[in-house]
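Notes follow once the structure below has been shown.
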């Protein structure tokens, strides 16, 4: 757990961070976001005292961070930064082993831990262990950076735009991996970014900062549906607010009962029915097209043209648009039809509910 | 534009594969034909009579030289040798050429002096130097083209130096006037050589002791940087002899005023002003490279180290120093070579060293005595440069090589 | 493109002006300081070097440096240009290592070897200074042209400049600062080496220094050394100013 109480940073006569109070509970994924110069990085770096605070307190668990010896404090907190900051003269394994080494873990335990972390981040131990940073791809280096931050099993992980320098495709993969690692380890994470999509994807709570002040601190969905003021609204962006909302909703929240062909209810429903094979997998949709004259048309069900319960509604909607249908089959892990999501359902339900 | 002329053979052409080697070979052959290989003088103070290579060398010697030149000429061409083979052949032929030139000169001196007056002198001529330098450049070129690692080059160089050393040890050069000067000055030579090394060492030690912390200071404190580099650059700019000379007066005054200092050897003339001046000259490269080395450590690397909970001392010794070391050692390489050269001038204020032969020789118009000072000085500088270059590459951390 | 003079370090310019004035005054009126030197070194019979005038010695010194530097710069820049063009690129590694190895040779030793071989005096000294002065010029010309970003060259080609235009309007202006830095090193070394030239029969400001050291006349030594030191520092400051003129951006 991390708690900031009235945290303030003043350089000369410039107040960079102005009286920020917030709390990230254990196991939460907190994201600090805001335009450049809003004080988000400064706030993060006051937590591990890379920058001393002018006023205010920071609690790490029950300890005031200023009461701990600074190096000891930092060894309890993992830290990953944008340009990674890997040590160019040390191998991957040596980089990951830095903090355990500083904490004087026995060698065998360090080796075990390095292998474990490399496995967790899908880094091939045999191939990469003794490579040097300049021999890694951007994505690999970034994974090593995060693995290094986690090496000594810190209570808290601080991340300052860690995926800022990688290409969009790799960034998405790294975000998915970070989410997975977060679910796996339940670390408390404080993450700085200026990318709202990244924040919405990762955060359990988002703190929006502007000119050093905390404007709103809320769950992502609250931020989207109940913005505190115009700044929040404009920072989120009006243009694709609806889509952003749907990116925080999941198919299982919209899932409806699917009507099978030949069932008694078939005629009373919206006018489309599903055909399934012997194992319960959907094979074909009767009707379900936009225009009335297309109602009788059959649509083959394919892998791309279906939804899973843990898919975001944004993606489900995108598939509907692409295949020009009003409805998608929802399938389970074995591919069996368990329900449907419909355009009517998307439109008919308050997304903020 | 040049792409449009693609039909035109490249100027190096398919015929000549190595124009650098061709130029070196042509220069060597021209030099050998036009310039004297050796010089014969009735005594050490007279200037010598030039002797052409065909006259100086026995037929088998110059015929061998010509034969080796033919093979080298073939090595410049695209055919018959494939390029890799041509380079390795160059690496074999060029040193043979060099050794043969050395042997030939010594042999000529030996043969000539047998029936000449005891005062007669044989010295090396311009063509001899060309026959020494051209093969060395050919070897460098071949290694550059092969892209060989430092280990191969180092081993090769050591072997070549050992062979030349063996020629010296065999006494084949004893007839040469420079060796006669050496023989006449054997004891003083050893003493002056050691003095030279001692002056360099006595200057570099304190310069490092002061310069390394100053470089770190320049890195840590931007406000100190400007004035510090200003002052050090000021020293570096003053011509060596002027700085040596300007220290003479205050030091002699100091020596007069404080007899115990004088007892320690501090006075107007001698080693003290030389060492002080050498230290002043050495500071700038050391401080500059130390600063540059530390400034070259990426800020994010240091930030990461701090964020991970390293202490300032751990960051300095485990992150900054290893990453800055190659640049710092390059600075040491610069000052070592520079100090070896400047110590020559120190002889003018009575500090001794190899420079004393040079200026003594210039005063007496005895060129061979000048050579006895100059050639070892140059050799010392080149060897020090080579050894420190190896040290610099060894100091590069594995991950950054 | 305009050559931008960034911040004006007026203190450097003031230093340059006052040191130049001091140099000129000392060259012209060293004689007037005779009472001062007499007071400092009462045991000396001749407190001021009078065999030649200091003006003459300074002009001789400058002539040595100017002639050798002019040749060094034209040949050195030419060689640097040649080995960075398509037709000469093959020679670039060789010329670079030659320049690097050559600079490890101590200038005093080079002077001592070259001058006697070519006969003592003015011209052989010029030859030695020229040979040595070539190396930093070649080295920095190659390095300076190497700093021109490939994107700038590509853009210049892309807008249809000829090779001559690219060289004159893109490469040389961008490389100029580094080339001037090479000339600066070359000239400063030559000023120092020309001083030692007085030991091989070329008259220069080193002449009173050597005469003083040989004749145990410390006043001569100081007079020569102060003048040659000032000359070097003034030249260095001029080059520093010149380099600033050709600094673009930060």
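The values are calculated or read from the model by the stated rules, or taken from the named source; none is laboratory data. Remember, predicted model here, so these are calculated numbers, not experimental data. No Cβ is skipped: glycine too gets one built from the backbone with ideal geometry, and neighbour counts run over all protein chains shown.
Within the stretch A:61-72, not a single residue is more than 26 Å from residue A:2 (Cα to Cα), more than 8 Å from every other protein chain (Cβ to nearest Cβ) and in contact (Cβ under 8 Å) with a residue 12 or more places away in the chain. Set side by side, the residues B:165, B:201, B:171 differ, and just one is on the phi > 0 side of the Ramachandran plot and either assigned by TED's automatic domain parsing to the domain that holds residue B:43 or modelled with pLDDT of 90 or more (or both), which is B:171.
When the residues of the stretch B:354-401 are filtered to those that are outside any helix (DSSP H, G or I) and modelled with pLDDT under 90, the one that is nearest to the other protein chains (Cβ to nearest Cβ) is B:397.
Scanning the stretch C:63-116 for residues that are facing chain B (nearest Cβ under 7 Å) and not in a helix (DSSP H, G or I) yields a total of 5. If you go through the stretch B:367-401 and keep only what is surrounded by fewer than 19 Cβ atoms within 10 Å (Cβ to Cβ) and more than 20 Å from residue B:200 (Cβ to Cβ), you end up with B:393, B:394, B:395, B:396, B:397, B:398, B:400, B:401.
Would you confirm whether or not the stretch B:159-177 contains a residue that is farther than 19 Å from residue B:338 by Cβ, within 13 Å of chain C (Cβ to nearest Cβ), surrounded by 13 or more Cβ atoms within 10 Å (Cβ to Cβ) and within 22 Å of the chain's Cα centre (by Cα)? Checked against the condition, which is being farther than 19 Å from residue B:338 by Cβ, within 13 Å of chain C (Cβ to nearest Cβ), surrounded by 13 or more Cβ atoms within 10 Å (Cβ to Cβ) and within 22 Å of the chain's Cα centre (by Cα), the stretch B:159-177 yields no hits at all.
For the stretch A:166-188, a residue qualifies if it is surrounded by 15 or more Cβ atoms within 10 Å (Cβ to Cβ) and within 21 Å of residue B:300 (Cα to Cα), and the qualifying residues are A:166, A:171, A:174.
Which count do you get for residues in the stretch B:277-302 that are assigned to a helix (DSSP H, G or I), surrounded by fewer than 18 Cβ atoms within 10 Å (Cβ to Cβ) and free of Cβ contacts under 8 Å to residues at least 40 places away in the same chain?
Adding up the residues that qualify gives 3.
Being within 25 Å of residue B:141 (Cβ to Cβ), more than 14 Å from chain C (Cβ to nearest Cβ), assigned to a helix (DSSP H, G or I) and within 29 Å of the chain's Cα centre (by Cα) is not true of residue B:22.
Conditions tested, residue by residue: (1) closer than 30 Å to residue B:273 by Cα; (2) touching a residue at least 24 places away in the same chain (Cβ under 8 Å); (3) within 8 Å of chain B (Cβ to nearest Cβ).
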| position | (1), (2), (3) |
| --- | --- |
| C:167 | no, yes, no |
| C:190 | yes, yes, no |
| C:204 | yes, yes, no |
| C:215 | yes, no, no |
| C:240 | yes, yes, no |
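For the stretch B:324-344, the criterion of being in a helix (DSSP H, G or I) and farther than 30 Å from residue B:295 by Cα is satisfied by at least one residue. Does the stretch A:232-241 include one or more residues that are in contact with a strand residue (DSSP E or B) (Cβ under 6 Å, 6 or more places away or on another chain), in the same structural domain as residue A:8 (by TED's automatic domain parsing), part of a loop (DSSP other than H, G, I, E, B) and surrounded by fewer than 19 Cβ atoms within 10 Å (Cβ to Cβ)? Scanning the stretch A:232-241, I find no residue that is in contact with a strand residue (DSSP E or B) (Cβ under 6 Å, 6 or more places away or on another chain), in the same structural domain as residue A:8 (by TED's automatic domain parsing), part of a loop (DSSP other than H, G, I, E, B) and surrounded by fewer than 19 Cβ atoms within 10 Å (Cβ to Cβ), so the answer is no. Looking at the structure I just gave you, is residue A:148 in a helix (DSSP H, G or I), within 23 Å of the chain's Cα centre (by Cα) and within 9 Å of chain B (Cβ to nearest Cβ)? Against the criterion (in a helix (DSSP H, G or I), within 23 Å of the chain's Cα centre (by Cα) and within 9 Å of chain B (Cβ to nearest Cβ)), residue A:148 qualifies.
Could you tell me whether any residue of the stretch A:20-42 is at negative phi and within 14 Å of another protein chain (Cβ to nearest Cβ)? The answer is yes; a qualifying residue exists. Going residue by residue through the stretch A:168-185, is there one that turns out to be in contact (Cβ under 8 Å) with a residue 40 or more places away in the chain, assigned by TED's automatic domain parsing to the domain that holds residue A:44 and in a loop (DSSP other than H, G, I, E, B)? Taking every residue of the stretch A:168-185 in turn, none turns out to be in contact (Cβ under 8 Å) with a residue 40 or more places away in the chain, assigned by TED's automatic domain parsing to the domain that holds residue A:44 and in a loop (DSSP other than H, G, I, E, B).
Count of the stretch A:251-269 residues, restricted to those that are surrounded by fewer than 19 Cβ atoms within 10 Å (Cβ to Cβ) and either at pLDDT below 80 or touching a strand residue (DSSP E or B) at 6+ places or on another chain (Cβ under 7 Å) (or both), is 13.
Among the conditions (1) within 9 Å of chain C (Cβ to nearest Cβ); (2) buried (at least 19 other Cβ atoms within 10 Å of the Cβ), residue B:336 misses just one, which is (1). Quick check on the stretch B:197-205. Is at least one of its residues surrounded by 16 or more Cβ atoms within 10 Å (Cβ to Cβ) and within 14 Å of chain C (Cβ to nearest Cβ)? Taking every residue of the stretch B:197-205 in turn, at least one turns out to be surrounded by 16 or more Cβ atoms within 10 Å (Cβ to Cβ) and within 14 Å of chain C (Cβ to nearest Cβ). Between B:309, B:331, the distinction of being away from chain C (no Cβ under 13 Å) and within 27 Å of residue B:236 (Cα to Cα) belongs to B:331 only. Residues that are free of Cβ contacts under 8 Å to residues at least 12 places away in the same chain and not in a helix (DSSP H, G or I) within the stretch B:147-201 comprise B:147, B:148, B:149, B:170, B:171, listed in sequence order.
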